[in-house]
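Notes follow once the structure below has been shown.
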Amino acid sequence: MAQSPKHHLADPALAVRMLGLDADALLAGEEPKRTIPRDGALLGHLFESLVTLGIRVFALAAEAHVSHLRLQGGRQEVDLIVERGDQRVIAIEVKLSGTVDDGDVQHLLWLREQIGDDLLDSLVIHTGPQAYRRPDGIAVIPAALLGP
């Protein structure tokens with residue numbers, strides 16, 4: 001799989017506090033209390049960094065590798081690919097939103113078509129209150145369930 005580097009903040013909790021938020025506010029998708037340029041994009045990047053940090057910890061414990069997939073100039077992109085030693089993967093999208101719609105899963109569905117049985121599962125981590133599985137089989141999981 002082709003990869004492009006994706007950079008994440010080492011301490012997203014510190015960055016979130018600099019915006020006048022706390023972990024609960026970030027997990028709920030609240031807007032920053034301070035006005036900053038590009039606040040919408042920045043908050044999304046911070047949320048993705050926080051989720052990525054948690055996923056990396058879980059992957060390390062499972063002896064798996066975490067990467068990012070971007071192909072065709074960004075037309076096909078998956079936020080996180082967790083790859084086991086046998087090259088089977090879990091694909092993860094991260095959305096700073098309380099709801100998940102068809103547009104949010106289109107790249108996960110595309111990846112399923114491309115790699116078939118090598119895809120163990122696909123999921124979207126979001127700020128909503130409930131975990132569920134969509135009719136297309138994609139799991140939707142609140143970020144708050146990832147840890148304390």
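State which residue is farthest from the chain's Cα centre (by Cα) when the search covers only the range 121-148 and only residues that are among the β-branched types (Val, Ile, Thr) and within 14 Å of Ile92 (Cβ to Cβ).
The residue in question is Ile138.
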Filter the range 121-144 for residues that are under 15 Å from Gly29 (Cβ atoms) and exposed (fewer than 12 other Cβ atoms within 10 Å of the Cβ) and give the result. Pro129, Gln130
Within the range 132-146, which residues are in contact with a strand residue (DSSP E or B) (Cβ under 8 Å, 6 or more places away or on another chain) and under 15 Å from Val105 (Cβ atoms)? Tyr132, Arg133, Arg134, Gly137, Ile138, Ala139, Val140, Ile141
For the range 94-113, does any single residue satisfy the condition of being on the phi > 0 side of the Ramachandran plot, modelled with pLDDT under 95 and surrounded by fewer than 20 Cβ atoms within 10 Å (Cβ to Cβ)? no
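The values are calculated or read from the model by the stated rules, or taken from the named source; none is laboratory data. These numbers were taken from a predicted model, which means no experiment stands behind them. Here Cβ is always computed from backbone atoms with ideal geometry, including for glycine, and neighbour counts include all displayed protein chains.
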